Amino acid sequence: MCGGDHKMISVLLLPKRNRGASSTKGFTLVEVIVAIVILLILATAFIPLINQGFGAIFRAGRVAQALQEAETQLAEARTSIDPDEAGERSISFSGVPDPVKADGHELEVDLHFEGESSSITFFSP
């Protein structure tokens, strides 16, 4: 074999390299930027929903805490009842013409929630 045949075999076995052509694998920069912009638009659409969800979770926690405090106050009021102070109480119900009379105690609990205060009166026989 002569030297020219060796060059011909190596040229046939090796793939051609085009130095001017770009690779067709992967994404272009423009495609990546467009995808990021689309994702950002979708994310901004869901931010209010996520905010509302967290707001509802925190409000539910505050409601549960206020309810727990009211139950604690009611339990403390029940334990401080003096049985000798029981008296006849009249309880009126809407739709019932005459009030109901019963012996027992009135327990008053003050509630405070989100800047508002109220008082609830309970009857304990």
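Each value in this text was obtained by applying a stated rule to the coordinates, not by laboratory testing. Only a predicted model underlies this, so the values are computations on that prediction, with no experimental measurement involved. Note: ideal-geometry Cβ built from the backbone for every residue, glycine included; neighbour counts use all protein chains shown.
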Which whole-number percent of Cα pairs in segment 27-124 have a distance greater than 20 Å? 66 percent
Between Phe123 and Phe93, what length comes free when the chain is fully extended (0.36 nm per residue of separation minus the Cα-Cα distance, one decimal in nm)? 9.5 nm
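Gain in length, Thr72 to His112, computed as 0.36 nm per residue apart minus the alpha-carbon separation, to one decimal in nm? Kindly include the intermediate steps, with their values, before the conclusion.
On the way: separation 40, 0.36 × 40 = 14.40 nm, distance 1.32 nm.
Result: 13.1 nm gained on full extension.
Which GluC sites (Glu not before Pro) from segment 39-125 combine a DSSP loop assignment with at most 13 other Cβ atoms within 10 Å?
Glu114
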Cut-off under 5 Å, modelled amide H: who pairs with Leu107 long-range: Phe122, Phe123, Ser124
I'd like the chymotrypsin sites (Phe, Trp or Tyr not before Pro) in segment 51-98 restricted to DSSP loop residues with at most 10 other Cβ atoms within 10 Å, sorted by number. Phe93
Return the FRET efficiency for the residue pair Ala102, Val63: r is the Cβ-Cβ distance, R0 is 35 Å, and the value is rounded to the nearest 0.05. 0.65
